[in-house]
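Okay, structure first, notes after.
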Amino acid sequence: MALLGNLRHRPVRRLVQLYLGLALYGVSMALMIRSHLGLDPWDVFHQGLSKLTGLSFGTVTIGVGALVLLLWIPLRQRPGLGTVSNVVVIGLVVDATLALLPGGGPLGVRIAMLITGIVANGAATALYLGAQLGPGPRDGLMTGYVARRPGRSVRLVRTVIEVTVLVLGGLLGGTIGVGTVAYALAIGPLAQFFIPLFAVPDGSTPDSAAPPPGSPAPATPAG
């Protein structure tokens, strides 16, 4: 895809939806972090690296995203505007939100933060994927690898990568807990619910060709 993607069709809607989705994604990450009940696999890894290096969570997220994006080169993947924006915006927003959002508190409050974070993450994923301006660097790595090796399953490749970063993150001190399991179980159904609601037709087909509610959607979000 071209770096700017297809912005000739509904450019304002696409850009607003892209950056709203990325900002909401960063907020959702901060909510899960402050719940102290467990993170998704990549964020367990980010948190572990943050503890190891002393860098902020957002800085680590940006750095890892940039390194993953470099791995697109041998796969001959082309980033979209959404891909590059994903690397920068989410990290900036998560750090800003963490600076404003207090941690700890009663268990009920932390559970509410976790649930809100997971649901917001599903909606955020649908918003920026629906803008069709490029996937996140981590998902592009997986799909690009499978495209170069057609015999491999996207689900298998994704599982291997996410289990690997989860284990590494846990060893580095990232938070694995009930939130990690809840995220894994809930994010697929949430993405499938939200993605048809926010899909923007690419202009090559009529609006009526947009996926109807209940149509298949990616099982997990791009990040």
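The values are calculated or read from the model by the stated rules, or taken from the named source; none is laboratory data. What you see is a predicted model, and the numbers here were worked out from it, not measured in a lab. Cβ: placed from backbone, ideal geometry, glycine included. Neighbour counts: every protein chain shown. In case anyone asks, the SASA skips ligands and DNA or RNA and just uses the protein heavy atoms, side chains included. Shrake-Rupley method; radii C 1.70, N 1.55, O 1.52, S 1.80 Å.
Some points to look at:
- Which listed residue is touching a Phe, Trp or Tyr at 6+ places or on another chain (Cβ under 8 Å) and under 30 Å from ARG149 (Cβ atoms), from LEU22, LEU67: LEU22
- Within the stretch 146-182, considering residues that are among the hydrophobic types (A, V, I, L, M, F, W, C) and free of Cβ contacts under 8 Å to residues at least 12 places away in the same chain, the one most open to solvent (accessible area, probe 1.4 Å): LEU156
- Some residue of the stretch 42-63 being in a helix (DSSP H, G or I), open to solvent by 20 Å² or more (accessible area, probe 1.4 Å) and acidic (Asp, Glu): no
- When residues in the stretch 114-156 are screened for being modelled with pLDDT of 95 or more and farther than 22 Å from GLN192 by Cα, 0 of them pass.
- Restricting the stretch 12-41 to residues that are more than 15 Å from the chain's Cα centre (by Cα) and either small (Gly, Ala, Ser) or farther than 25 Å from LEU81 by Cβ (or both) leaves a set whose member that is most open to solvent (accessible area, probe 1.4 Å) is HIS36.
- ILE118 being over 13 Å from the mean Cα position of the chain (by Cα) and among the hydrophobic types (A, V, I, L, M, F, W, C): no
- Scanning the stretch 64-93 for residues that are farther than 17 Å from LEU18 by Cβ and open to solvent by less than 40 Å² (accessible area, probe 1.4 Å) yields a count of 4.
- Qualifying residue in the stretch 121-142 (condition: aromatic (Phe, Trp, Tyr), within 22 Å of TRP72 (Cβ to Cβ), open to solvent by less than 30 Å² (accessible area, probe 1.4 Å) and in contact with a Leu (Cβ under 8 Å, 6 or more places away or on another chain)): yes
- Scan of the stretch 183-197 for residues that are open to solvent by 40 Å² or more (accessible area, probe 1.4 Å) and more than 19 Å from THR159 (Cα to Cα), ordered by number: PHE193, LEU197
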